[in-house]
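Asks: Take a look at this one; I'll ask things after.
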Amino acid sequence: MAEAFNDLTLPDHKAARYATVAQEIAAVLEGEPNRTARMATIAAMLAASFDHYFWTGFYVVDPDKDRELVVGPYQGSLGCLRIAYGRGVCGAAATTGQTQLVPDVHAFPGHIACDGRSASEVVVPVFDAQGELIAVFDVDATEPAAFDEVDAAWLETILKAAFS
Ligand code: SME
């Protein structure tokens, strides 16, 4: 059945879609050194690939501030402009350097509600080739528990290939 084949709630089908979009992203980014262009392309291509992505984008490390993220390229409704390290899910990813998989944002201490429709999210830290944190990549969904280890692992792979 075509519907079953395309059912991205099934982990194998979702993984296959990530594998395809990862190749497409790599092809589009080939030869483009500009970091903003790379981030904008990744946000746009991932947001267009998955129906469960409601807000998709980067919070970049602000070199002019002490331990603060500032919004970067994104797709979706208006995002908060700044997030201090340690605040909310993005701040936790920046502080720990670990991917945050949050099935219920309302249960996450200090969650920042940029858009009240967000119910679950995954945030992946992004490092440069020297291992320095340059950004976090945040994806929100309106459904609870919309993300799992398949999303987290593929996002880590795509972001590592693009920036590390
Ligand atoms: N939910 C995030 C804030 C960013 S937005 O949702 C776009 C957080 O708590 O870090």
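Asks: Quick one: count up the residues across the stretch 75-101 that are touching a residue at least 40 places away in the same chain (Cβ under 8 Å) and not small (Gly, Ala, Ser).
Replies: Total satisfying the criteria: 4.
Asks: Considering only the stretch 86-96, I want to know if a residue exists there that is open to solvent by 30 Å² or more (accessible area, probe 1.4 Å), more than 11 Å from the ligand (Cβ to nearest atom) and out of contact with any His (no Cβ under 9 Å at 6 or more places or on another chain).
Replies: Yes, the stretch 86-96 contains at least one residue that is open to solvent by 30 Å² or more (accessible area, probe 1.4 Å), more than 11 Å from the ligand (Cβ to nearest atom) and out of contact with any His (no Cβ under 9 Å at 6 or more places or on another chain).
Asks: What are the residue pairs meeting all of these: first residue in the stretch 140-157, first residue surrounded by fewer than 16 Cβ atoms within 10 Å (Cβ to Cβ), second residue among the small types (Gly, Ala, Ser), Cβ atoms under 7 Å, and 6 or more apart or on different chains?
Replies: Hits for this filter: 142/118; 142/119; 143/119; 143/120; 144/119; 144/120; 145/120; 157/22.
Asks: Can I ask one more? Could you say which residue among 148, 104, 128, 140 is touching a Ser or Thr at 6+ places or on another chain (Cβ under 6 Å) and of a type in the set (D, E, K, R)?
Replies: 140
Asks: Looking at the stretch 32-61, I want the residues that are more than 26 Å from residue 95 (Cα to Cα) and have a partner that is aromatic (Phe, Trp, Tyr) with Cβ atoms under 9 Å, at least 6 apart or on another chain. Which pairs are those?
Replies: Close Cβ pairs (under 9 Å, with a partner that is aromatic (Phe, Trp, Tyr)) amount to 49/18; 50/18; 52/147.
Asks: Filter the stretch 98-127 for residues that are under 14 Å from the mean Cα position of the chain (by Cα) and not β-branched (Val, Ile, Thr); which is most open to solvent (accessible area, probe 1.4 Å)?
Replies: Of everything passing the filter in the stretch 98-127, 98 is most open to solvent (accessible area, probe 1.4 Å).
The values are calculated or read from the model by the stated rules, or taken from the named source; none is laboratory data. Please read these numbers as outputs of a predicted model, since none were measured by experiment. For neighbour counting, all protein chains shown are included, and Cβ atoms are generated from backbone atoms with ideal geometry for every residue, glycine included. To get the accessible areas, we keep the full protein, side chains included, count just its heavy atoms, and leave off ligands, DNA and RNA. Shrake-Rupley method; radii C 1.70, N 1.55, O 1.52, S 1.80 Å.
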